[in-house]
């Protein structure tokens, strides 16, 4: 059977460091293998490694300076030629302990320093949760794996999904179905109840609006959520 280049491309998410130990660290990378054809197009036939495909926003890899398209060829003391090489290297890291990494970027070797962190709460969600704000026509859902797949949520996104926004109930609301609320008044959130609590507390305090940071179509924007006065 003849395989196409695309059928040989495998994608994995490097999320855990120290997977088998008590301390689990977050790396925040999604990588892709390179085929001979990819190596040829990049003029790196004599090099091996894995390509950085996605980088978790504000994650350790982002803070270390990784860029999409970087070719990881050395992780710590280990030379990287395959996915398994990288997985094995990641499993040997420790939360908070610096890892020296070398990547090939536009044919230049770049040295990066990465510090694995604890796993973000917003990426550990396994049980679904919902909340509603009836007077605004809003329904909210936690980002479980099923929800992420159904709404085609960007890899690594953290927040609360707007699963329903009814403009006939509150036409002055800027939120749309599929939006991800990332922050409320500059505080990171990942549970629907956090949105509901912030809304009800502001309502009780007679505050007019909440400031939301929202991800929509893979871009970010600030918007105000008006508080309905009781």
Practice item. Set the Förster distance to 35 Å, then compute FRET efficiency between residue 106 and residue 201 from the Cβ-Cβ distance, nearest 0.05. Key: 0.10
Check your understanding: Over the chain, what relative contact order in percent results from Cα pairs under 8 Å that are six or more residues apart?
Key -> 13
Revision key, fill the gap. Expressed to one decimal in nm², the mean projection of the alpha carbon convex hull of the chain is 15.6
Review point. Which angle from 0 to 90°, rounded to the nearest 10, does the C-alpha axis of helix 192-204 make with the longest principal axis of the chain?
Key: 30
**Study point:** Net length gained if the chain between residue 169 and residue 77 were fully extended (0.36 nm per residue, minus Cα distance)
**Key:** 27.2 nm
Exercise for review: Calculate, for residue 223 and residue 32, the FRET efficiency according to 1/(1 + (r/R0)^6) with r their C-beta to C-beta distance and R0 45 Å; round to the nearest 0.05.
Suggested key: 0.85
Review point. Helix-derived [θ] at 222 nm for the chain: sum -39500 (n - 2.57) over DSSP H runs of at least 4, divide by residue count, nearest 500?
Key: -4500 deg cm²/dmol
Exercise for review: Kindly state, to the nearest 0.05, the FRET efficiency for residue 152 paired with residue 193, given R0 = 22 Å and r defined as their beta-carbon distance.
Suggested key: 0.35
Exercise for review: Report Rg (one decimal) and Dmax (nearest whole number) for segment 100-224, counting Cα atoms only, units Å.
Suggested key: 17.4, 58
Review point. Which of the peptides 117-127, 74-84 is most tightly packed, and how do the rest follow, judged by the mean count of other Cβ atoms within 10 Å per residue?
Key: 74-84, 117-127
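Read the figures in this text as sums done on the coordinates, not as results from a lab. Quick caveat, the model's predicted, so the values are computed rather than measured. Don't worry about glycine lacking a Cβ; one is built from the backbone with ideal geometry, like all the others, and counts go over all protein chains shown.
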